[in-house]
Amino acid sequence: MAQGSYVHYLCQDETRVGLKTLTGKVITAAGIKPTVEVKWQRDNFWIYGAIEPMTGKHFQQEYSKLNGESFQQFLNWLSVQLGSDYAILQIDQAPAHTSSAIRWPENIIPLLQPPHSPELNPIERLWQFLKKSLKNELFSSLQNLRERIQQLFEQLTFEQVMSVSSYNFILEALFYAASY
């Protein structure tokens, strides 16, 4: 490892967002049945993201598909963002993540979480947090949705990311590792 380099612990996953309306609770007067306009269009895209629970730092990129090629592009982009730093990257065992075709950049070390355990990945809570803001919103185009998501990421603070992603078991492990 190069002198002055830092090792980040990042949690990575993807989420799909699209024009189909995410419905949520609506408050109305007593006896009034709530109504919400809904779109059923299935046009969508994927957000690939990585977060650092210790600092709230976050990285995200948009891709049209969930596949190994897009994951490889995200890894290459993330590697550039890290510069001379390194990252231990917690990932699930999705086929796109474990494919032998994936060429891991030298500064990113994969850490596979147990299969079928999304609750262990803190970024899942960040996706829930962000999608909550999209409930009952209608978007006329994918471009309008992209702009809204960009606005949400611009408003997102490091403190908010830390708040939703700082699992005690991860923080304790990192503090323990840093003490050696």
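Any chance you could get the radius of gyration and Dmax over the Cα atoms of the chain, in Å?
Gyration radius and largest Cα-Cα distance of the chain: 18.3, 67 Å.
Rounded to the nearest 0.05, what FRET efficiency do Lys57 and Lys33 have when you use their Cβ-Cβ distance and R0 = 41 Å?
E between Lys57 and Lys33, to the nearest 0.05, is 0.40.
Where only protein heavy atoms count, and the probe is 1.4 Å, what is the accessible area per residue for the chain in Å²?
Solvent-accessible surface per residue comes out at 60 Å².
What are the GluC sites (Glu not before Pro) within region 38-136 that DSSP puts in a loop, where the Cβ has at most 14 other Cβ atoms within 10 Å?
Working: sites: Glu62, Glu69, Glu106, Glu119, Glu124; in loops: Glu106.
Qualifying residues, ordered by number: Glu106.
Quickly estimate the mean residue ellipticity at 222 nm for the chain, helices only: each DSSP H run with n ≥ 4 gives -39500 (n - 2.57), and the total goes over all residues, rounded to 500.
Rounded to the nearest 500, the figure is -10000 deg cm²/dmol.
Show Arg125, Arg146, Arg16, Arg42 ordered by accessible area, largest first, where the area counts protein heavy atoms only and the probe is 1.4 Å.
Highest to lowest solvent-accessible surface, that is Arg42, Arg16, Arg125, Arg146.
Go through region 5-13 residue by residue and turn each phi into a ³J(HN,Hα) via Karplus (6.51, -1.76, 1.60, θ = phi - 60°); whole Hz please, and just put x for glycine and proline.
Ordered by residue, 3J(HN,Hα) equals 7, 10, 9, 9, 9, 10, 10, 10, 6 Hz.
So if the hydrodynamic radius of region 32-99 is defined as the Kirkwood radius over C-alpha pairs, what does Stokes-Einstein give as its diffusion coefficient at 25 °C and 0.890 mPa s, in µm² per second?
169
Accessible surface of Asp13 in the full protein assembly, 1.4 angstrom probe, to the nearest 10 Å²?
Around 10 Å² of this residue is reachable by solvent.
How many percent of DSSP beta bridges within the chain run antiparallel, rounded to 5? Intermediate values should be presented prior to the final figure.
Details: 14 of 24 bridges.
Just about 60 percent of them are antiparallel.
Please list, by residue number, every one of the chymotrypsin sites (Phe, Trp or Tyr not before Pro) in region 13-117 that is coil in DSSP and has at most 13 other beta-carbon atoms within 10 Å.
Trp40
Pop out the carbon and sulfur fraction of the accessible area of the chain as a percent, whole number, probe 1.4 Å.
54
Using Cα centres only, tell me the gap between region 122-170 and region 40-118 in whole Å.
For region 122-170 versus region 40-118, the Cα centre distance is 17 Å.
The values are calculated or read from the model by the stated rules, or taken from the named source; none is laboratory data. Owing to the predicted nature of the structure, the values given are computational and were not obtained by experimental measurement. Positions of Cβ are backbone-derived with ideal geometry, glycine not excepted, and every protein chain shown enters the neighbour counts. Please note that ligands, DNA and RNA were not included when accessible areas were found on the heavy atoms of the full protein model with its side chains. Shrake-Rupley method; radii C 1.70, N 1.55, O 1.52, S 1.80 Å.
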